[in-house]
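Notes follow the structure.
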Amino acid sequence: MVREFQSGDLGAAARLLAERQGRHRVRHPLLPAEYEDPKVALVEVTAAWETEGASGAVLVEGGEVTGYLLGAPKSSPVWGENVWVERAGHAVREPEKVRDLYAVAATKWVAEGKTAQYALVPDDPELVDAWFRLGFGGQHAHAVMPAPSEPLPARPGVMVRRAGRGDIQVLAELDLVLPRHQGLAPTFSSGEMPTLEEALADWEESIDDQDYATFVAESNGKVIGSSIGCSLEKSSAHSGLAQPDNAGFLAYAAVFPEARGAGAGRALGEAVINWAAGVGYTSVVTDWRVTNLLSSRAWPRLGFVQTFHRLHRLIGH
């Protein structure tokens, strides 16, 4: 039987989420172990349930809750009328049963006009396949790698160094490169595009912030790309179940279009990885649009392994 989620289901949902985290960590042991404790998992499930506008469903078999699904909208002009199933928003004993849960939960979502739907799904092939057979497709990847014990070697032809105040102009220009690239085929992202003036003002204020490590790549004495590293705790997109202990974050990387193909992007990624290892982080996390042909090929080649899939469905199209 599938019925609406109720507050009394939180304990059972937390136990299911803790079980899911245990299975997930078999594939990805860098993910946090504490969420295998139902008491800790309960914090995440409760937060999902208490999000404004949250609703969902539970699966009851033989008097026991064996699956749940929770979603809630996000207020953003970019996403449209939407609902998000976050990392703690679902767990099932049998992957196929997420389809039954969705059939009940999504009836309410669609009736409310929430036709842009997103789900953050663990890297479990059977579970991802079940979501795919609900009409969802891959949109974004979240990934992790262990920090190397030895520095990755420099790449010939590209010099990477720490950025300084003299680089503010070119750093601001590079801030526009990635969102502009994401708006092109085959990604077609509708994300907001910053202005050069906004980027300049931001760099003027933040260039000396010691919480961030900014690198630039040079070729023939000219800056052609940049990357940024920081603590993963700076990223709200990788909190909770997706936040490895003591992790650094490859937060940004971009190379001017005319300079691509010479290895600058990989060199910039490696600079952040080496920085993270050098300051004591034991793992490094990043994310990318899976339709971005450049990042979806470059980052796995550096050793990043996908842990969560952000899936998307647009109802009625």
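The values are calculated or read from the model by the stated rules, or taken from the named source; none is laboratory data. In this text the structure is predicted, and so the values were computed from the model without any measurement. Here Cβ is always computed from backbone atoms with ideal geometry, including for glycine, and neighbour counts include all displayed protein chains.
Here Val290 does not fit the description of being among the β-branched types (Val, Ile, Thr) and either out of contact with any strand residue (DSSP E or B) (no Cβ under 7 Å at 6 or more places or on another chain) or surrounded by 21 or more Cβ atoms within 10 Å (Cβ to Cβ) (or both). If you go through region 216-238 and keep only what is of a type in the set (A, V, I, L, M, F, W, C) and touching a Leu at 6+ places or on another chain (Cβ under 6 Å), you end up with just Ala217. Scanning region 1-41 for residues that are of a type in the set (Val, Ile, Thr) and closer than 30 Å to Ser283 by Cα turns up Val26, Val40.
For region 252-280, filtering for residues that are crowded, with 22+ Cβ neighbours inside 10 Å and within 20 Å of the chain's Cα centre (by Cα) leaves 9.
Return a yes/no flag: does region 28-43 have any residue that is over 30 Å from Pro146 (Cα atoms) and under 22 Å from the mean Cα position of the chain (by Cα). No, every residue in region 28-43 fails to be over 30 Å from Pro146 (Cα atoms) and under 22 Å from the mean Cα position of the chain (by Cα). Take the residues of region 28-60 that are touching a Ser or Thr at 6+ places or on another chain (Cβ under 8 Å) and assigned to a loop (DSSP other than H, G, I, E, B): which is nearest to Gln306 (Cα to Cα)? The selected residue is His28.
Rundown of residues vs (1) assigned by TED's automatic domain parsing to the domain that holds Arg180; (2) of a type in the set (Phe, Trp, Tyr); (3) assigned to a strand (DSSP E or B); (4) touching a helix residue (DSSP H, G or I) at 6+ places or on another chain (Cβ under 7 Å), yes/no style:
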position: Leu250; (1), (2), (3), (4): yes, no, yes, yes
position: Gly261; (1), (2), (3), (4): yes, no, no, no
position: Gly280; (1), (2), (3), (4): yes, no, no, no
position: Gly316; (1), (2), (3), (4): no, no, no, no
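Cβ separations smaller than 8 Å between residues 6+ apart or across chains give the following pairs from region 110-138 residues that are closer than 16 Å to Asp100 by Cα and at pLDDT 95 or above to residues that are of a type outside the set (D, E, K, R) and in a loop (DSSP other than H, G, I, E, B): Val110/Ile315; Ala119/Gly89; Ala119/Phe136. Is it fair to say Thr107 is polar (S, T, N, Q) and in a strand (DSSP E or B)? Spelling it out, it is not the case that Thr107 is polar (S, T, N, Q) and in a strand (DSSP E or B).
Checked against (1) over 18 Å from Arg310 (Cβ atoms); (2) basic (Lys, Arg); (3) surrounded by 13 or more Cβ atoms within 10 Å (Cβ to Cβ), Lys114 passes all but condition (1). Does Glu81 satisfy the condition of being modelled with pLDDT under 95, surrounded by fewer than 16 Cβ atoms within 10 Å (Cβ to Cβ), touching a strand residue (DSSP E or B) at 6+ places or on another chain (Cβ under 9 Å) and acidic (Asp, Glu)? When the stated conditions are applied, Glu81 passes them. Here the condition is being surrounded by 14 or more Cβ atoms within 10 Å (Cβ to Cβ), touching an Asp or Glu at 6+ places or on another chain (Cβ under 6 Å), within 20 Å of Arg313 (Cβ to Cβ) and of a type outside the set (Phe, Trp, Tyr); of Ala88, Ala72, it holds for Ala88 alone.
Suppose we filter Leu69, Leu31 for residues that are touching a His at 6+ places or on another chain (Cβ under 9 Å), outside the structural domain of Tyr281 (by TED's automatic domain parsing) and farther than 27 Å from Ala247 by Cβ; which single one remains? I'd like the intermediate steps shown before the answer.
Values: Leu31 fails: farther than 27 Å from Ala247 by Cβ.
Result: Leu69 is the single residue among Leu69, Leu31 that is touching a His at 6+ places or on another chain (Cβ under 9 Å), outside the structural domain of Tyr281 (by TED's automatic domain parsing) and farther than 27 Å from Ala247 by Cβ.
Against the test of being out of contact with any helix residue (DSSP H, G or I) (no Cβ under 9 Å at 6 or more places or on another chain) and in contact (Cβ under 8 Å) with a residue 60 or more places away in the chain, the options Val78, Val2, Val26, Val92 yield a single qualifying residue, Val78.
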